[in-house]
1. Considering only residues of the stretch 253-270 that are within 15 Å of Val163 (Cα to Cα) and either in contact (Cβ under 8 Å) with a residue 60 or more places away in the chain or under 16 Å from the mean Cα position of the chain (by Cα) (or both), which is surrounded by the fewest Cβ atoms within 10 Å (Cβ to Cβ)?
2. Being surrounded by 15 or more Cβ atoms within 10 Å (Cβ to Cβ) and either in contact with a Gly (Cβ under 6 Å, 6 or more places away or on another chain) or in a loop (DSSP other than H, G, I, E, B) (or both) is the filter here, so list the residues in the stretch 135-155 that pass it.
3. In the stretch 155-173, which residues are under 22 Å from Ile238 (Cα atoms) and either at pLDDT 90 or above or of a type in the set (Gly, Ala, Ser) (or both)?
4. What are the residues in the stretch 212-234 that are within 13 Å of Ala160 (Cα to Cα) and without any contact (Cβ under 8 Å) to a residue 24 or more places away in the chain, if any?
5. Looking only at the stretch 174-207, filter to residues that are over 22 Å from Gly133 (Cα atoms) and in contact (Cβ under 8 Å) with a residue 40 or more places away in the chain; which one of those is farthest from the chain's Cα centre (by Cα)?
6. Take the conditions out of contact with any Leu (no Cβ under 9 Å at 6 or more places or on another chain), more than 29 Å from Val105 (Cα to Cα) and modelled with pLDDT of 95 or more and apply them to Leu188. Does it pass?
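The values are calculated or read from the model by the stated rules, or taken from the named source; none is laboratory data. Quick caveat, the model's predicted, so the values are computed rather than measured. All Cβ positions, even for glycine, are placed from backbone atoms using ideal geometry, and neighbour counts span all protein chains on display.
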Amino acid sequence: MVSLISSAGEGSTTENLTVIEKIAACFSGTNLIWTIVDIFLVSVLLYVAFSFLKRKNCTRLIKYIVILILVAAVLSSGLNKEYGLKMMGNLASVSLMLAVIVIVVLFTQDIKRYLYKISSPKDESELFQTDYGCTEEELHEAIGEIVKAVQNMAKKNVGALIVVAPSNVPSNIIRSGTELDSKLSTHLLECIFNTKAPLHDGATFVRGNTVIAAGCFLPLTQSLEVDKELGTRHRAAIGITETNNVMAIIVSEETGVISVAIDGILTRYYDSDMLRTKLEEVYGLKATKSEKKHSVWRRRV
């Protein structure tokens, strides 16, 4: 009996030492480096996730996520296998995976916007290459037509939303409106946004010197940082530029103020010279200043 107790005691001691040795092994020799790297990577991921949630006014979720992560980490770790909690460990792993899926579903648009920012060109040597199928003279003429139309509508307080698309436009957005494929002109733009015209409520897409479609429906931004005084046109302009490589020009029907949205950032009170300069940058006819953080595009001849 004594020998059995002694053997059992020695076995439990050996078992305890095995667990302690496993923990100590993680912080010794070469394993120490990988442990530090592991902790650093996890810390970075958690920091990014919590910063993202904080910007989205989801601070209350952070404490619950922290508790879930701690519980999942303990239950899904190798230590729980020593005590036979395999089912709880598997359940914790699945729960953590479901939490990640829920976050992805809830913040799909925000994730798309951040991925777009990461993939966007950062300097002039990496500018987006676009072939518009027309000469530079025709592009300059198209820019003049857009500026003139926008100025005329601003003077008359006619609301407008023009999306300049250097790259391909999502087909589902184009199909939501009326495809035109017409040569760009001041009169055409003013006719489209005439308050008595059937297409004036939607967005008009322009690529090069061609009006691709009009009366298109755009996704509204879900950002809580947008000024509440801004109307549907401004929110739609911000929304389309958050996830697509486009520039949006907005004319307010209340004030006649001209605004431009690029990369989800809205800038108001544009005049004709500012608008022309920005369009030339977007079309690649003018170099973009390096200090600006907006996405830019360049034309390939």
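1. Filtering first and then ranking leaves Ile265.
2. Hit for the stretch 135-155 is Ala154, nothing else.
3. Asn157, Val158, Gly159, Ala160, Leu161, Ile162, Val163, Val164, Ala165, Ser167, Ser171
4. Across the stretch 212-234, the qualifying residues are Gly231, Thr232.
5. That would be Glu190.
6. Details: out of contact with any Leu (no Cβ under 9 Å at 6 or more places or on another chain): no; more than 29 Å from Val105 (Cα to Cα): yes; modelled with pLDDT of 95 or more: yes.
Criteria not met by Leu188.
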